[in-house]
Amino acid sequence: MREIRSLLARAADGGRITPDEALLLYTQAPLHELGQAADAVRRRRFPDGIATYIIDRNINYTNVCVTACKFCAFYRAPKHEEGWVRDVADIVGKCGEAVELGATQIMLQGGHHPEFGIEWYENAFSSIKAAYPQLALHSLGASEVVHIGRTSGLSHEQVIVRLRDAGLDSFAGAGAEILTERPRAAIAPLKEPGHVWLSVMETAHGLGLESTATFMMGTGETNAERIEHMRMIRDVQDRTGGFRSFIPWTYQPENNHLKGRTQATLFEYLRLVAVARLFFDNVAHLQGSWLTTGKEVGQLTLHLGADDLGSVMLEENVVSSAGARHRTNRTELIHLIRSADRIPAQRDTLYNHLVVHRDPADDPVDERVASHYSSTALPLVQAS
């Protein structure tokens, strides 16, 4: 216990901890003391006491995918009767709806369609930017770069440059899932290995496109493999500084081939959030998830090192297809942050504060700015 307390004190003071030390804290540190140390790091990094959220929309351009990940409930194989493609005009229209509701960011994501080459993405991005140049396109991920490269016969660098020149502002952390070799091969055998995902991100960072880093926990990985996932990200961050935030969330087990109960408990998730804040001394932001764990747990992450509660999420289809049913709205998200003794602020993609909600009397009121799921993969599921 003395070793753990000494380690927590060093980490709370900003000292770098090793993967082995992170594993020790993750598995053995008392939750309260672990949370106190993580919160100390958060307070030193963000002494203004502000916690942020963003208004964005996830737009899915197709559910047709050749990768067939076992955890995914959204995709349909090529030529499946439930497969669909959204045309670019419809995508631009959805962007317009999002702008009207105050969105500043679009996450364009979809399946790895076998017929979509670089030209489709260039047309989509340039069309969005022509209509709504103020929107940040924080979209796709390393897996899409690999797929486009194969489809179009381009190198990863060539794909990234052309996406950037067409209007892409930054990459989402999509496709990371878990980067550690054994569990990644088990749940996504057709997806690129973790080291390739990281290589694409490192290349993107070198070309001026920053990104986020994510982690889907609870698909059968060990505790050590969870820490190894974070170690792989931290090593790249040491070289590039291009990851803006780390975003862990929990696997949802409905309507997919992996099935089973979520194997990461809420306490395991909360402990990982705290350890992540201690471990990632080189990543500025840590986002808590309310979509997969619930609003109360999301709020708790603000006491365990998180400084951001993510998005109001005007639309989300992929994770909700697998069972995530939590919803919120801007008013509620502001209340969650404030009641956690933080000052709420709306941010943009770069984490700049757009509006700081210091006075509750001035809080925005618009019932339309609310999260929404309407899984186009599962037409019988209705949003309530």
Problem - Option label - Cα extents along the principal axes in Å computed here, alternatives [x] 63, 55, 44; [y] 92, 54, 37; [z] 59, 51, 41 - result: [z]
Completion exercise
Only helices counted: for the chain, with every DSSP H run of 4 or more residues adding -39500 (n - 2.57) and the sum spread over all residues, [θ] at 222 nm is -12500 deg cm²/dmol
Completion exercise
Debye calc, one equal point scatterer per Cα of segment 157-291, no solvent, log10 I(q)/I(0) at q = 0.13, 0.18, 0.20 1/Å comes to -0.55, -1.02, -1.21
Fill in the blank from the handout: Rounded to the nearest 5, the percent of DSSP beta bridges in the chain running antiparallel is 15 percent
Exercise for the section: Enumerate lysine pairs in the chain that are 8 or more residues apart or on different chains, then count those whose Cα atoms are under 25 Å apart. Expected result: 8
Exercise for the section: Measure out, as a whole number of angstrom, how far apart the alpha-carbon centroids of segment 182-236 and segment 1-77 sit. Expected result: 14 Å
Completion exercise
Along segment 344-360, Karplus-curve 3J(HN,Hα) (6.51, -1.76, 1.60; θ = phi - 60°) to the nearest Hz, with x for Gly and Pro, reads x, 8, 7, 10, 9, 4, 8, 6, 6, 7, 8, 9, 9, 8, 6, 10, x
Problem - N60 long-range amide H proximity, modeled H, under 5 Å - result: Q109
Practice task
Please report, largest first and rounded to whole Å, the three semi-axes of the ellipsoid equivalent to segment 43-161, where each semi-axis is the square root of five times an eigenvalue of the C-alpha gyration tensor.
Solution key: 27, 18, 16
Problem - V355 long-range amide H proximity, modeled H, under 5 Å - result: Q346
Exercise for the section: List the chymotrypsin sites (Phe, Trp or Tyr not before Pro) within segment 1-87 that fall in a DSSP loop (any state other than H, G, I, E or B) and whose Cβ has at most 16 other Cβ atoms within 10 Å. Expected result: W84
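Coordinate-derived values only; no laboratory data. Here the structure is a predicted model, which means the values were calculated and not measured. We place every Cβ from the backbone using ideal geometry, glycine too, and count neighbours over all the protein chains shown.
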